[in-house]
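In what follows, a single structure is set out as structure tokens and then discussed.
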Amino acid sequence: MSVQTLVQTQAAPATVELTYREAVREAMREAMRRDERVFLMGEDVASYGGCFAVSKGLVDEFGPERIRDTPMAESVFTGAGIGAAMNGMRPIVEIMTVNFSLLALDQILNNAATLLHMSGGQFNVPIVIRMATGAGKQLAAQHSHSLENWFAHIPGLKVLSPATVEDARGMLWPALQDPDPVLIFENPLLYNMKARLPAEGVQVDIARAKVRRVGNDVTILAYSASLFKALDAAEMLAKEGISADVIDLRVLRHLDDETYLKSIAKTHRVVIVDEGWKTGSLAAEICARIVEQAFYELDAPVERVCTAEVPLPYAKHLEEAALPSPERVVAAVKKAVSNHG
Amino acid sequence: MAELDHEHGLHLLRQMVRIRRLEDKSAELYGAQKIRGFLHLYNGEEAVAVGVIETLRPEDCVVATYREHGQALARGVSMKAIMAEMFGKQEGCSRGRGGSMHLFDASTRFYGGNAIVAGGLPLAVGLALADKMQGRSVVTCCFFGDGAVQEGEFHESMSLASLWKLPVLFVCENNLFAMGVPLERSEPVPNLAKKADAYAVPAATVNGMDVLAVETQAHKAVAHVRSGKGPYFLECITYRFRAHSMFDAELYRKKEDVERWRQQDPIVHLAGVLKERGLVTDAQIKQLEREADAQIAEAVAYADAGTLEPLEDLTRFVYSEQGAS
């Protein structure tokens, strides 16, 4: 290395271009290097490399003891993660999709979320459970749903939903440091998304939402893949002279009320984008919180852009029609800003 | 394994009598509305918990079900803390957060008290996985009933524990009824130990009314598990003398059947064996009964005098109060 390059390297911190998929993989690699108690288990995580290729290659570095292929048995491998977490390990359990997690719901709700409380504070469960969520790949009604709201309903759990490559890289380590169960929802549509990050030291605050775009006329709340629909909508709206604050919720339990209420106090209008079904959705919960805490700040009714109340269909045009889109967000924003209370 | 001498015989008898007397007292206190919620009593099944837990070491883990007073006592959880728990007091072993079905005690590695049928099995597999990965020679002993065998989690847990050769002792307390449904109406293969074959798990069936037989077989099973050869399935045929819970008119079984099983009372049985061999006297048995009653009276007084957790603590223990280690 020449003296000149050395100087350049010192001047600017090293960066690296990663996909979201690689970011999750690097986060797991780093965690396993830093803490020998960390291991990964789930269906096809080792030799197959993960059904979305997230853990590809990790078995070569860490071996089959720490990158564990499990049988097709969500309940026991999730429960085993819980037991291992209570007995000195720091497991990362990967469940292929949120729809499959229903087979492990007994363990997640009746054990992971309740053991600390039922034992009067004696047994905490420091587990991280990662799973894919969301639609958009024509995978029909048993691989496409967004059920993270069900988990966000449960006291005892923390629920994260990284939308950016940076968050995918930076959320895992603090989640593993947490003494209680943390669920991380990844949308497979994001796995190929690229970004340039610092090579080391990516840190994410897993208690706070994040403002992704600053505007004055309306607040758009979104998370996961919907964030990019919200940002696209904001771009379209900017051309029409409407400026939007876009907030990435990213922490679904516990919701960071402060960040979005602060924005609403500025814009007085709000649109919530949520890939869940509208009835009983996270958008409904946030709407209720806004009404409870910021009713008099509102100049227009809260708008919600959610998924049509239908099991997600296979055909592309039907699936697209069911899901939130930038156009639907734009329409909702226009409705909100046209209403002068 | 301890020889059956005066001391060991008396110890086994004492453990079972303590459980029996605690259960009888609990039923009485339930009637007096001191204990609320669901209450599942262990009368008749004492030989299973006592015989198995006798073979464990302090560092071993125990996972039990909602009918777990016996396991908790045999494991060494304080009777006072158990009673205070059932009274809903903060001096209880789960600070009054769990009640009868959720006794927990970290100091004796007692991991509950799980009220989802078979819900404790995956947990036990995980505890054992952690021990194996950390190179510890620890056994996780998981109790469950014949009803749990009907659940998918039983299949998944036996399968994974065998596949990964995990140190789990699966103890099936087969009391012939899943609540009120008899085994032959809920299981196509009522010989439960046979199921272990399908998972390549060694198994044995033992008379769960005979604490000496249970202890002998459990000793072999624990030795197998501790040697690193993988899990073991121990089926203990037993019978519950009381109703399933306090809300059970027992319409599903005949009084004569209960009476017939009472003839095999594990406490009477052991007392008979010990007396026959000249290892204990009636006076010694009376003495240990008095001691058990005194302990229970003390536990009830302790629970009665216990305090209610302040309401401002309601939402404690949902999340940890200090960071992870």
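The values are calculated or read from the model by the stated rules, or taken from the named source; none is laboratory data. If you're wondering where the values come from, they're calculated on a predicted model, not measured in any experiment. Quick reminder, even Gly has a Cβ in these numbers, built from the backbone with ideal geometry, and neighbours come from all protein chains shown.
Structural remarks
- B:Arg316 vs. criteria within 14 Å of another protein chain (Cβ to nearest Cβ), among the basic types (Lys, Arg) and farther than 24 Å from B:Gly51 by Cα: yes
- Which numbered condition B:Lys194 misses (of (1) charged (D, E, K, R); (2) surrounded by fewer than 19 Cβ atoms within 10 Å (Cβ to Cβ); (3) out of contact with any strand residue (DSSP E or B) (no Cβ under 9 Å at 6 or more places or on another chain)): (3)
- Odd one out for A:Ser47, checked against (1) in contact with an Asp or Glu (Cβ under 7 Å, 6 or more places away or on another chain); (2) touching a residue at least 24 places away in the same chain (Cβ under 8 Å); (3) away from chain B (no Cβ under 13 Å); (4) farther than 17 Å from A:Asn192 by Cα: (2)
- Filtered by the rule that a residue be more than 30 Å from A:Leu312 (Cβ to Cβ), surrounded by 24 or more Cβ atoms within 10 Å (Cβ to Cβ) and more than 7 Å from chain B (Cβ to nearest Cβ), the range A:78-101 gives A:Ala85, A:Pro91.
- Residues being away from chain B (no Cβ under 14 Å) and of a type outside the set (S, T, N, Q) - total across the range A:50-70: 11
- The condition (being of a type in the set (Asp, Glu), closer than 30 Å to A:Gln138 by Cα and touching a residue at least 60 places away in the same chain (Cβ under 8 Å)) is satisfied by just one residue among A:Glu235, A:Glu275: A:Glu275.
- Flag if A:Ala265 is in the same structural domain as A:Ala233 (by TED's automatic domain parsing) and surrounded by 18 or more Cβ atoms within 10 Å (Cβ to Cβ): no
- Number of positions in the range B:86-110 that are more than 7 Å from every other protein chain (Cβ to nearest Cβ) and free of Cβ contacts under 8 Å to residues at least 60 places away in the same chain: 7
- Once the range B:200-215 is narrowed to residues that are in contact with a strand residue (DSSP E or B) (Cβ under 8 Å, 6 or more places away or on another chain) and of a type outside the set (A, V, I, L, M, F, W, C), the residue that is farthest from B:Glu153 (Cα to Cα) is B:Asn207.
- Against the list (1) modelled with pLDDT of 95 or more; (2) within 26 Å of B:Glu68 (Cα to Cα), the condition B:Lys275 fails is (2).
- Selected residue [more than 19 Å from B:Pro122 (Cα to Cα) and either β-branched (Val, Ile, Thr) or touching a residue at least 12 places away in the same chain (Cβ under 8 Å) (or both)] from A:Thr78, A:Thr97, A:Thr114: A:Thr97
- Every residue from the range A:33-69 that is of a type in the set (Val, Ile, Thr) and crowded, with 24+ Cβ neighbours inside 10 Å: A:Val45, A:Val54, A:Ile67
- For the residues A:Pro155, A:Pro162, the requirement of being at pLDDT 95 or above, within 24 Å of A:Ala23 (Cα to Cα) and either outside the structural domain of A:Arg253 (by TED's automatic domain parsing) or of a type in the set (A, V, I, L, M) (or both) singles out A:Pro162.
Condition check ((1) touching a residue at least 12 places away in the same chain (Cβ under 8 Å); (2) over 19 Å from the mean Cα position of the chain (by Cα)) across all residues:
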{"position": "B:Val201", "(1), (2)": "yes, yes"}
{"position": "B:Gly208", "(1), (2)": "yes, no"}
{"position": "B:Val214", "(1), (2)": "yes, no"}
{"position": "B:Gly230", "(1), (2)": "yes, yes"}
{"position": "B:Lys254", "(1), (2)": "no, yes"}
{"position": "B:Asp282", "(1), (2)": "no, yes"}
{"position": "B:Gln287", "(1), (2)": "no, yes"}
{"position": "B:Ala294", "(1), (2)": "no, yes"}
